[in-house]
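Accompanying notes for the structure given below.
Rule-based calculations on the coordinates, nothing more; no lab input. Here the structure is a predicted model, which is why all the values come from computation and not from measurement. Note that we place each Cβ from the backbone using ideal geometry, even for glycine, and neighbour counts take in every protein chain shown.
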Amino acid sequence: MTSSAFPELLPTTQRALLHRIATAQTEGRAPSLVGAVMRDGQLVWSGARTCVEGHAPDADTQYRIGSITKTFTAVVVLRLRDEGLLDLGDPLEKHLPGTGAGDVTIAQLLGHTAGLAAETPGAWWERTPGTERPELADVLGERPGPHPAGRVHHYSNPGYTLLGSLIEAVRGEPWAEVVRREVCLPLGMHRTSAQAEAPAAGGWAVHPWADVMLPEPSEDLGLMAPAGQLWSTAGDLCRFAAFLAEGDERVLSADSVREMRTPSAPPGAGDWDAGYGLGVQLARRDGRTLAGHTGSLPGFVATLWVSVEDGVAAVVLANATSGVAVGAVAADLVRITADAEPRIPEPWRPLPGIDQALLALTGPWYWGTYAYVLRVAAEGAVELSPLRGPGRGSRFRAEEDGTWTGLDGYHLGETLRVVRREDGSVSHLDLGSFVYVRQPYEAGDAVPGGVDEGGWRGL
């Protein structure tokens, strides 16, 4: 089946998508599986397969999404930062004292670099009620940090418990209510909730060596809820994917969402196709960069991936504890759609207006003998990039004081400014002490170290 407010995908694309999820459900022996595709902010396809004749789920059927919940938790933390209520560099203890987690920072918790343990002590937290862990001490245990903080990426479920408790401390409200009001409702995600709401799939375990199954328990995770509690639908998660691609001023700006998608730690040895931002997993598949998250809880597996460059996202949900490689399936749905129906670019249009002084800055600039070119983008932004070949290119946002702030690449967060002579003419561009001039090593220019008086010469 398909669902689309925009033109539907081509029949050949739809069949390829259906074939992929059908193969995944059959080979993975999942009781049911739902897949959906978002393109340019809209749900354009969904499909389902099930072992129950005549009762196929759809894009409005809830499944438990496990650790995709962490991305929702991270969004709220970024909201608190953007409101000035905390800084990501703050020690957690500043806002939530007495946790026993040491001097770990909020940013380290978001990016799983706080050095905390992967799991809680005691019984398997995913299959036991949260009442067995009523205090943070029950979640962290006596040795919460097996690794030095800030040194290594080590995925930590208890770390997101701490972030959920941080949200409750700063907002003064339960984590689930804050997520619902500040994230789900503004994005129109009315079928995302902390507890299952019908229609919802039941969770199953499928025997690894026989085609039989048994139901899995579905527990309220208590303090661990911010790490994996939520239920959602393929339709709602496509809305969330659109937000992760473009931002939404009602929730988080595009800049803050881009920050979430930026790697926060180097990958592990030999693991150069995966990374982690701030509550967002990153992956390289088929030459594409994907952002989103995977999730699992007993009885359920889930994945959301979005390719920002293609404007395509995919969601795959299944109600089986294991067997279905939903991460690979979701990546395949993105690939199938983007390859079969590549994004059609918007028509070129001239800027509505441009400051002539800014226009005069465009064109070639030289850092030493490296040739760069400055281009003007929308809203007074600029891009400084190598004229040819690789180099340290970045985009810059215009500031009120006439400078620009780096948005990506080597110069992320650095300040670009125009330096003028006494007569008002432009001497050079200064970028974090890098000097860019109009001619390479021109005599009299403000080149650090000066220019040889003999000038350019041959052998």
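Numerical summary
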| read-out | value |
| --- | --- |
| Sites L359 and E173, calculated FRET efficiency, Cβ-Cβ separation with R0 56 Å, nearest 0.05 | 0.65 |
| Near-label residues of the range 379-423 by backbone N, under 17 Å of a point 7 Å along Cα→Cβ of D87 | 413-414 |
| Centre separation in Å (Cα based) which lies between the range 236-308 and the range 8-64 | 21 Å |
| Per DSSP, loop chymotrypsin sites (Phe, Trp or Tyr not before Pro) in the range 108-181 with at most 13 further Cβ within 10 Å | W124 |
| Cleavage-rule hits (trypsin sites (Lys or Arg not before Pro)) in the range 366-426: DSSP loop, at most 10 neighbouring Cβ within 10 angstrom | R388, R421 |
| Summed side-chain charge close to Y155 - residues other than Y155 whose Cβ falls under 10 Å, Lys, Arg +1, Asp, Glu -1 | 0 |
| Mean-position separation - Cα centroids, the range 83-98 and the range 191-207, in angstrom | 34 Å |
| Nearest-0.05 FRET efficiency for D273 and Y441, computed from C-beta distance (R0 51 Å) | 0.80 |
| Amide H contacts of W365 (H built 1.01 Å from N, under 5 Å, at least 5 apart or other chain) | Y372, V373, L374 |
| Antiparallel DSSP beta bridges within the chain, as percent of all bridges there, nearest 5 | 95 percent |
| Virtual spin-label span in nm between D408 and V152, 7 Å along Cα→Cβ | 3.2 nm |
| Neighbour-limited loop hits for chymotrypsin sites (Phe, Trp or Tyr not before Pro), the range 415-459 (at most 11 other Cβ within 10 Å; DSSP other than H, G, I, E, B) | W456 |
| FRET efficiency, 1/(1 + (r/R0)^6) with R0 25 Å, evaluated for R343 and R397 via beta carbons | 0.55 |
| Around M224: net Lys/Arg minus Asp/Glu count, Cβ-Cβ under 15 Å | -4 |
| Longest DSSP-loop-exposure-free segment, GluC sites (Glu not before Pro), the chain, at most 10 other Cβ within 10 Å | 250-399 |
| For the chain, fraction of C-alpha pairs farther apart than 37 Å, in % | 35 percent |
| Relative contact order (%) - the chain, alpha-carbon pairs under 8 angstrom, separation at least six | 16 percent |
| Mean ellipticity per residue at 222 nm, deg cm²/dmol - from DSSP H runs of n ≥ 4 across the chain, formula -39500 (n - 2.57) | -6500 deg cm²/dmol |
